[in-house]
Amino acid sequence: MDNPAQALEEARRAGIDLDLLDTNLALSVKERWSQHDAALELALQLEEAGKNRDAKLQPPPATAR
Amino acid sequence: MQNFSHLLQRLADAGLEFVLVGGFAAVAHGSFHLTRDVDICALLTSDNIGKLREALAGWNPKHRMTPQKLSFLLHPTPGETVNNLYLQTDLGMVDILTSIKGVGDFQRLRANAEELEVDGRRFHVISLADLITAKEAMGREKDLLTAKELRAIAAKRQGH
């Protein structure tokens, strides 16, 4: 493994929120998995809502005269 | 509804021996990245395929890479060998892999795996060091970013 200080610096530079990481590491594995499941469910619902909105914005198909 | 925790409980309760790998293993180690599937490494023997079917039977398991979305309850047929399974179920997507790029096969992963207890069940999870190796071996941008996050977690485990 790397030098720990270097690993933390590289993570920070990559945009990883180290405070959020600390918060996550304070949780149990069960809590991490539960939070992930809830976040994924919400993300998928938002994705579905976005698709539905986009479908409504599509112009109606041209009809033959 | 996606429920990876329940999916893993089902697999454990069916007596399947597996090592959790991939993004959900990263979450177990402390990563906050979202993943859309559960990846496990297991031996795909006929006995284990039977256990997988028992675990997933009520959750509509299908081979998601096949155009016809073949039922996992009927395929593979007896005697047919498979290297990996890519399934969709009502609980979410689950990939069953027989080896992990950059690390090795089930026995190799199992030897180094960390044992975690969740709700009274013991799960084998790929070690943090092996997961970093696997993510770096994948080489995609998102995997490299997760590898950086995992290296930071390793540093924090050392008290930094």
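Overview of values
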item: Separation of alpha-carbon centers, the stretch A:7-65 and the stretch B:25-97, rounded to whole Å; result: 23
item: P(r) weight above 21 Å for chain A, C-alpha pairs, percent; result: 58
item: Net dipole in debye of the stretch B:4-127 [+1 Lys, Arg Cβ; -1 Asp, Glu Cβ; about Cα centre; nearest 20]; result: 300
item: Simple spin-label estimate for residue B:83 and residue A:54 in nanometres, 7 Å along Cα-Cβ; result: 3.3
item: Student exercise, the protein assembly as shown dipole from Lys, Arg, Asp, Glu Cβ charges, in Debye to nearest 20; result: 640
item: Kirkwood hydrodynamic radius over Cα pairs of the stretch B:59-160, then Stokes diffusion coefficient at 37 °C and 0.692 mPa s, in µm²/s; result: 205
item: Shielding by other protein chains, B:118-127, mean Cβ within 10 Å; result: 1
item: The stretch B:4-127: translational diffusion in µm²/s, Stokes-Einstein, Kirkwood Rh over Cα pairs, 20 °C, 1.002 mPa s; result: 146
item: Shielding of B:3-15 by partner chains, average beta-carbon count, 10 Å; result: 2
item: Debye, to nearest 20: dipole size of the stretch B:63-160, +1 on Lys, Arg Cβ, -1 on Asp, Glu Cβ; result: 260
item: Sorted by Cβ density within 10 Å, fewest first, the residues B:138, B:1; result: B:1, B:138
item: Relative contact order %, the stretch B:8-110, counting alpha carbon pairs below 8 Å whose residues are six or more apart; result: 30
item: Shielding score for B:142-153, defined as the mean number of other chain Cβ atoms within 10 Å; result: 5
item: Kirkwood estimate for the protein assembly as shown, i.e. one over the average of 1/r between Cα atoms, Å; result: 19.0
item: Cβ-based exposure ranking for B:93, B:65, in which fewest neighbours within 10 Å come first; result: B:65, B:93
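Bear in mind that the values in this text are calculations on the coordinates, not laboratory data. Keep in mind that what you see is a predicted model, and the values were worked out from it rather than measured. Virtual Cβ from ideal backbone geometry, glycine too; neighbours counted across all protein chains shown.
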